[in-house]
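The values are calculated or read from the model by the stated rules, or taken from the named source; none is laboratory data. These numbers come from a predicted model, not from an experiment. For neighbour counting, all protein chains shown are included, and Cβ atoms are generated from backbone atoms with ideal geometry for every residue, glycine included. The accessibility values were calculated without ligands, DNA or RNA, using every heavy atom of the protein model including side chains. Shrake-Rupley method; radii C 1.70, N 1.55, O 1.52, S 1.80 Å.
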Amino acid sequence: MSKKKIKIFQTNLFSKKIKKLSKKQKADLDKAVKEIVADPQIGQDKRGDLLGVYVHKFKSSTQLLLLAYEWDEESRTLLMIGLHENFYRDLKKNKK
């Protein structure tokens, strides 16, 4: 049985945020993205305004980073990454 190739998409917001990350944070992010590709239900599913969005929390050094994404069988769309402070507010603002 051949393994299906999962496509990964990034929003402009996500792309802008990762440019500000350190090498260590980017390495931790890569690991988190691989976890999401392997098991998209690893994140917590959101309700209300953010229905359909999942948020995976992971540690990078001493910081807790949040990674918001949407998924289906063929793809993962990385929406936003950031610290908890104002994360959901900014995510809702950019989701509309």
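Here is how the numbers come out for the structure above:
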quantity	calculated
Most positive-pole-ward Cα, L21, I8, F58, against dipole of the range 1-80 from beta carbon charges	L21
Relative contact order %, the chain, counting alpha carbon pairs below 8 Å whose residues are six or more apart	30 percent
Per-residue ³J(HN,Hα) for the range 32-39, Karplus 6.51 cos²θ - 1.76 cosθ + 1.60, θ = phi - 60°, Hz, x for Gly and Pro	5, 5, 4, 5, 5, 4, 5, 9
Model label zone, H84; criterion: amide N under 15 Å from point 7 Å along Cα-to-beta-carbon; scope the range 7-50	44
Mean accessible surface per residue for the chain, computed with a 1.4 Å probe while every protein chain stays in place, in Å²	69 Å²
Charge sum, other residues only, whose C-beta stays under 14 Å from F87's C-beta, Lys/Arg counted +1 and Asp/Glu -1	+4
For P40, net neighbour charge (Lys/Arg +1, Asp/Glu -1) across residues whose Cβ lies under 13 Å away	-3
Karplus 3J(HN,Hα) series, Hz, for the range 80-95 with 6.51 cos²θ - 1.76 cosθ + 1.60 (x for Gly, Pro)	6, 9, x, 7, 4, 4, 6, 4, 5, 4, 5, 5, 4, 4, 8, 6
